[in-house]
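Q: I'd like to ask you about the structure that follows.
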Amino acid sequence: AAALSSLAAPAAGSSAANGAAEAAASEEFAAAAATAADAAAAAAEAFPRSLSRIMFGTARLTQTEDAFVMLDTVWANGVTAFDCARSYGAGEAEKVLGSWLTDRSIPRESAYIATKGGAGSLWTGALDEATLDAELQESLSALNMSYVDCYMLHRDDEAVPVDTVVKYLANLVKQGLARSYGFSNWRGARILAAVEAAAAAGLPGPAAVGPQFSLARPARPVWPGTTFLTDAEEVHQYQRHGLAILCWEVLGKGLLANPSQWSDEEETAPREESVEREEEARRGDWENLTGDAFRDFRVKGAYVTQENFQRRQKAIRLASQKGESLARVAVSYVLSQGPNFFAIVGPRSVAHFLEILPKLGALPLPLTREELQSMNLD
């Protein structure tokens with residue numbers, strides 16, 4: 001809003017016509033600035049500064065040896081925000097988290113719960129209202145609560161007009177079923193269109209976006225129908241509108257946690273079979289694209305690049321100089337991008353979680369601009 005306000009100052013004009021045009025332009029800029037300021041204020045209220053910027057991701061919560069011990073450790077180390085989805089653990093992850101919150105008598109207002117719906121079948125969005133209504137009710141029942149702090153759409157279906165989606169989500173806020181809403185794995189242009197549609201209709205705008213973002217830059221979307229963040233202008237627009245950026249796979253599926261995971265020799269391996277696999281995907285032959293083989297193909301095809309090995313080496317050296325772990329440096333890289341960046345972490349063991357966050361307040365590590373640029377190969 002401040003940047004728009006500075007643009008609003010009209011240049012000196014010599015005619016009444018010029019003066020009128022300049023006044024109209026000034027009013028237009030001022031209105032845009034006010035809209036951006038209102039959106040930013042609403043989003044800031046949805047994601048208060050007091051909220052922990054480490055979020056615990058529950059995608060693999062049902063695979064942990066003792067989920068309650070894991071959640072106890074997470075909570076004791078200051079993580080009070082949780083990232084969920086109806087699809088995680090086939091719906092069981094939300095149930096486990098809800099049971100833990102109830103068993104431990106965690107006050108509802110003390111925990112921040114974001115959950116997602118609309119993922120559809122595997123990787124395709126399902127944004128019809130009946131499906132979303134049913135999924136949200138299932139999520140609330142599993143979590144044992146009457147509302148979530150942020151309800152996000154897990155995938156997009158661009159055949160559905162964005163203003164239709166915004167009206168639906170804003171109505172959830174009006175009903176008290178969600179305190180805010182957002183979009184995970186939506187293209188930046190669609191998200192900004194949603195911001196504009198909400199403002200035009202006088203409705204609450206989105207509060208959060210959920211792309212992949214990490215020091216390791218994907219060579220392509222990690223999973224079909226997902227997005228990753230690399231565009232500085234897109235980040236600027238999110239910041240301008242006060243949108244929280246909830247970053248997933250901040251450790252690049254282990255590339256930035258294990259210094260020896262994968263090697264330079266593996267760099268070209270996933271791409272040799274990529275054409276055949278992508279052809280299967282376009283034919284809709286999803287059954288052939290599941291399981292460990294498909295996961296390995298997608299993950300390596302995204303993260304195993306020479307540039308990412310170079311970024312990891314720089315992060316390893318920096319971690320050694322600071323006496324820290326690679327994982328803590330990698331998570332701090334994400335958090336250092338700005339106060340609206342949040343890092344979702346979801347390891348399957350307590351030991352791995354403690355490697356990331358060994359104690360309350362341990363992250364983010366202080367990183368200089370030069371250190372950040374060096375790791376990013378700038």
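Q: What pairs come up if the first residue lies in segment 164-181 and is more than 16 Å from GLU45 (Cβ to Cβ) and assigned to a loop (DSSP other than H, G, I, E, B), the second is open to solvent by less than 10 Å² (accessible area, probe 1.4 Å) and of a type in the set (Asp, Glu), and their beta carbons are under 9 Å apart, counting only those six or more places apart or on different chains?
A: none
Q: I'm trying to understand the selection: among the residues of segment 220-265, which are open to solvent by 60 Å² or more (accessible area, probe 1.4 Å) and in a loop (DSSP other than H, G, I, E, B)?
A: THR230, ASP231, ASN258, PRO259, SER260
Q: Let me spell it out: the conditions are (1) charged (D, E, K, R); (2) in contact (Cβ under 8 Å) with a residue 12 or more places away in the chain; (3) in a helix (DSSP H, G or I); (4) open to solvent by 60 Å² or more (accessible area, probe 1.4 Å), and LYS359 meets all of them except one. Which number is the exception?
A: Result: LYS359 fails condition (3) only.
Q: Could you list all residues from segment 57-76 that are touching a Gly at 6+ places or on another chain (Cβ under 9 Å) and open to solvent by 20 Å² or more (accessible area, probe 1.4 Å)? Write out each step before concluding.
A: Quick first cut of segment 57-76, residues touching a Gly at 6+ places or on another chain (Cβ under 9 Å) only: 57-63.
Scanning segment 57-76 gives ALA59, ARG60, THR62, GLN63.
Q: Mind listing just one residue for me: the one in segment 96-133 that is open to solvent by less than 20 Å² (accessible area, probe 1.4 Å) and of a type in the set (Ser, Thr, Tyr) and, of those, farthest from PRO161 (Cα to Cα)?
A: Residue satisfying both the conditions and the ranking: TYR112.
Q: Next question. Looking only at segment 340-356, which residues are assigned to a loop (DSSP other than H, G, I, E, B) and closer than 26 Å to GLY89 by Cβ? Can you show your working first?
A: Within segment 340-356, the first condition is being assigned to a loop (DSSP other than H, G, I, E, B), and the residues that meet it are 340, 346-349.
Scanning segment 340-356 gives GLY346, PRO347, ARG348, SER349.
The values are calculated or read from the model by the stated rules, or taken from the named source; none is laboratory data. Being a predicted model, the structure only gives us computed values, none of them experimental. Every residue, glycine among them, receives a Cβ derived from its backbone with ideal geometry; neighbour counts consider all protein chains shown. Calculation scope for accessible area: heavy atoms of the full protein, side chains included, ligands and nucleic acids excluded. Shrake-Rupley method; radii C 1.70, N 1.55, O 1.52, S 1.80 Å.
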